[in-house]
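Input: one structure, supplied below.
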Amino acid sequence: MHIAVIGRGLIGSAAARHLAKAGVEVTLIGPDEPTDRAAHRGVFASHYDEGRITRGLDPWPFWSRVSRASISRYAEIASESGIDFFTEVGSLMAGPETSRPMQQLQAVRDRDGIDCQTYRDADLAAAFPYFAFPPGTIALHEPRRAGHISPRRLVLAQGIAAERAGARILRTEATGIDEVSPGVRIATGLGEVCADRVLVAAGGFSNLLLNNALDLAVYARTVALLRISPAEARRLSPQPSLIYLHPNGEDPYLLPPIPYPDGQYYLKMGGDPVDLPLRGEEIGDWFRSDGSTEVAAALEQMLRARMPGVALEARQTMPCVTSYAPENIATIRSLSQRVSVAVAGCGRGAKCSDELGRLGAEVVQGHALPAWALEAAVV
């Protein structure tokens, strides 16, 4: 059986690795990262970055489970590819102790026996002196198997590992899908590809290939990159990744100092307060922009409040998009006998992309998903 995977992002590249390791003939289709984002007229991906938080804890059981499954294979992916992408600095999830999100988080911790430490008040301030939290905060700290990944390097690692397992990579954009007997014909920038089946894992661009067959919401996101000096980066080197869960559902996140390709260190802050929906060509237009300066300014304010002693040198903005499914779980299913999809990370997909890709590989081969992967976590 020949299976084509459309989308060389986090989920698609993971699916290609799992399929190739299962002995399936695989063609992974998707372009390289554009060298000039503002001038690029094709599709984009959201992994063009150096920092995503990874952790086992999550208020929703589905996301906790797929995350822990993926994290357990990080070393395997690194070994198969020779590419390191995971930095184990730990993860801290905090919020008002009596809030529903923090109670859900503790319930998942207790149910699955996730290794973490609990901090409050003076103990919290002493353990993490670079953060300032309001009274009544509880924080759960995962010191191991948590921290942050480079999504750019993870995609590179998955691609190398997939090729070494026998996959073929076609570095071009897929522009159309046509189901024909007895398979699927895929139009690409390098000609036609014929396969028995296809898995579409093209993130926010998936509906452009599938004639809007998916109930998928794509939202614009702005990331603030706050530059700090090498000395400040050394001072903050013990800092874990941080997510603060507000009772209203907002969950701004903050990553510790990370070196970026320009040779500078940045603290990364994200968490748009308002969802800005994108449709069709608006997705590409957003990627070509610099994001929202208003959102970035608000994120910098939040960071300064959370880290009052930090010395920031400059701010940059970066655009991104997130795709959401109504069920608050990934959309991994068959649309027909020949076409399947694996999309919708719901803002959590980077860290757990290897398991989402594995589940997509199962579906496109005709295998049933386990019951836990179908249990909606409606917010």
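The values are calculated or read from the model by the stated rules, or taken from the named source; none is laboratory data. Please read these numbers as outputs of a predicted model, since none were measured by experiment. Here the Cβ is made from the backbone with ideal geometry for all residues, glycine too, and neighbour counts use every protein chain on show.
Please enumerate the residues belonging to the stretch 100-115 that are part of a loop (DSSP other than H, G, I, E, B) and surrounded by fewer than 18 Cβ atoms within 10 Å (Cβ to Cβ).
Listed by number, the residues that qualify are G113, D115.
Do any strands (runs of 3 or more DSSP E) entirely within the stretch 139-232 hold 3 or more residues that are touching a residue at least 40 places away in the same chain (Cβ under 8 Å) and either crowded, with 16+ Cβ neighbours inside 10 Å or touching a Pro at 6+ places or on another chain (Cβ under 7 Å) (or both), and if so, which? Walk me through how you get there before you give the answer.
Values: elements: 147-149, 168-170, 174-180, 183-188, 191-195, 197-200, 217-228.
Strands (runs of 3 or more DSSP E) meeting the threshold: 147-149, 168-170, 183-188, 197-200, 217-228.
Just checking, does the stretch 308-328 include any residue being farther than 24 Å from E232 by Cβ and more than 22 Å from the chain's Cα centre (by Cα)?
So far as the stretch 308-328 goes, no, none of its residues is farther than 24 Å from E232 by Cβ and more than 22 Å from the chain's Cα centre (by Cα).
Within the stretch 116-125, is there a residue that is assigned to a helix (DSSP H, G or I), modelled with pLDDT of 95 or more, outside the structural domain of G360 (by TED's automatic domain parsing) and surrounded by 15 or more Cβ atoms within 10 Å (Cβ to Cβ)?
yes
Is the stretch 279-291 home to any residue that is hydroxyl-bearing (S, T, Y), in the same structural domain as V223 (by TED's automatic domain parsing) and surrounded by 19 or more Cβ atoms within 10 Å (Cβ to Cβ)? Break it down stepwise before answering.
In the first step, residues of the stretch 279-291 are kept if they are hydroxyl-bearing (S, T, Y); the result is 289.
Then keep just the ones that are in the same structural domain as V223 (by TED's automatic domain parsing); that gives 289.
Remaining after also requiring surrounded by 19 or more Cβ atoms within 10 Å (Cβ to Cβ): none.
No: zero hits.
Same structure, new question: Say whether the condition of being farther than 28 Å from V310 by Cα, under 20 Å from the mean Cα position of the chain (by Cα) and not aliphatic (A, V, I, L, M) is met by at least one residue in the stretch 109-126.
no
Does at least one position in the stretch 321-333 carry a residue that is in contact (Cβ under 8 Å) with a residue 60 or more places away in the chain, more than 30 Å from L369 (Cα to Cα) and not polar (S, T, N, Q)?
The answer is no; no qualifying residue exists.
Considering only residues that are among the polar types (S, T, N, Q) and part of a loop (DSSP other than H, G, I, E, B), which ones fall in the stretch 276-309?
Within the stretch 276-309, S289, S292 qualify.
L124 versus (1) without any contact (Cβ under 8 Å) to a residue 40 or more places away in the chain; (2) closer than 22 Å to I3 by Cα; (3) aliphatic (A, V, I, L, M): which is the lone unmet condition?
Unmet condition: (2).
Conditions (1) farther than 30 Å from R185 by Cβ; (2) basic (K, R); (3) at pLDDT 95 or above, marked per residue:
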site	(1), (2), (3)
S13	no, no, yes
A16	no, no, yes
L19	no, no, yes
R37	yes, yes, no
G42	no, no, no
R52	yes, yes, yes
W60	yes, no, no
